[in-house]
Amino acid sequence: MEYFISIAVHNQHETTLRCLRYIAKHSPKDTMVVIYDNASKPSLFDWLLSYGLLGSRIGDPYCYIVEDGLPLKFHFAKSNDGYIEAHNHTAKIFLETDAQYFVVLNNDTEVCSGWLEAMRAKIDAGASQVGILREGFGNRLDPSGFGEYQSELAKAEYCEGSAFMMSRTA
């Protein structure tokens, strides 16, 4: 796998499913997603299974979103460990894989075609890590808007990170 995507969840099952479908549609085939379930009730795994949305193949360590074939791994926390702990844990899992790029993604993000490649291009050009900030509400990542920060300062009412990528060598 080239890309390892970490998503922390706590409930918000339909939101997360929408995010996973966007990932499946707009990401290269060599992408793996690890879901850190922060004690959702029911777990995202059980919820997907109850709707017939989760499948598996004999001998394969991953399960899949049935319609999309997106490979998923799940980690189940006994309590809500929070966002940072979830991604620290999945970073350790990343180190046990052969994936080259570690990506943290919010579960309410709708990615677009080329999103991983655009972030990777910045890293391959010398950045040690790449983060995507958005102003306002609505997490839709469109790589046509990727660029460098300008020297001009602007006041933002609200800003948050949607995605973050770093290479194995960082």
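The values are calculated or read from the model by the stated rules, or taken from the named source; none is laboratory data. Remember, it's a predicted structure, so these values are computed and weren't measured experimentally. Heads up, the Cβs are rebuilt from the backbone with ideal geometry, glycines too, and the neighbour counts pull from every protein chain shown. We work out accessible area using only protein heavy atoms, side chains counted, and drop any ligands, DNA or RNA first. Shrake-Rupley method; radii C 1.70, N 1.55, O 1.52, S 1.80 Å.
In a reduced charge model with +1 at each Lys and Arg Cβ and -1 at each Asp and Glu Cβ, segment 1-130 shows a dipole moment near 80 debye about its Cα centre.
Can you tell me how much longer the chain between T97 and R21 gets when fully stretched, taken as 0.36 nm per residue apart minus their C-alpha distance, in nm with one decimal? Spell out each step's value before the answer.
Numbers: separation 76, 0.36 × 76 = 27.36 nm, distance 2.30 nm.
Full extension from T97 to R21 adds 25.1 nm.
Solvent-accessible area of segment 35-88 (1.4 angstrom probe, protein heavy atoms only): carbon and sulfur portion equals 54 percent. In whole Hz, with x marking every Gly and Pro, tabulate ³J(HN,Hα) for segment 112-121 from phi via Karplus 6.51 cos²θ - 1.76 cosθ + 1.60, θ = phi - 60°. Going residue by residue, I get 10, 3, x, 5, 5, 5, 5, 5, 4, 4 Hz, with x marking Gly and Pro. Using the Karplus relation 6.51 cos²θ - 1.76 cosθ + 1.60 with θ = phi - 60°, the per-residue 3J(HN,Hα) values for segment 24-39 come to 4, 6, 10, 10, x, 5, 8, 10, 10, 10, 10, 9, 9, 8, 7, 6 Hz, with x marking Gly and Pro.
Any idea what the relative contact order of segment 48-121 is, in percent, if you count C-alpha pairs under 8 Å spaced at least 6 apart?
Values: 34 pairs, mean separation 9.7, N = 74.
About 13 percent, as a whole number.
In segment 23-88, Cα pairs under 8 Å separated by at least six residues give a relative contact order of 41 percent.
If you count, for each residue, the other Cβ atoms within 10 Å and average over each peptide, how do 72-81, 101-110, 40-49 line up from highest to lowest?
Working: 72-81: 15.0, 101-110: 21.3, 40-49: 17.2.
Going from most to least packed, we get 101-110, 40-49, 72-81.
Heavy atoms of the protein chains alone define the surface here; on that basis segment 47-139 has 55 Å² accessible area per residue at 1.4 Å probe size.
At a Förster distance of 22 Å, what's the computed FRET efficiency of Y83 paired with C112, Cβ-Cβ distance as r, to 0.05?
On the way: r = 23 Å, r/R0 = 1.06.
About 0.40, to the nearest 0.05.
Rounded, prolate or oblate, given the Cα gyration tensor of segment 58-108, with a/c below 1.5 counting as rounded? Verdict is prolate for segment 58-108.
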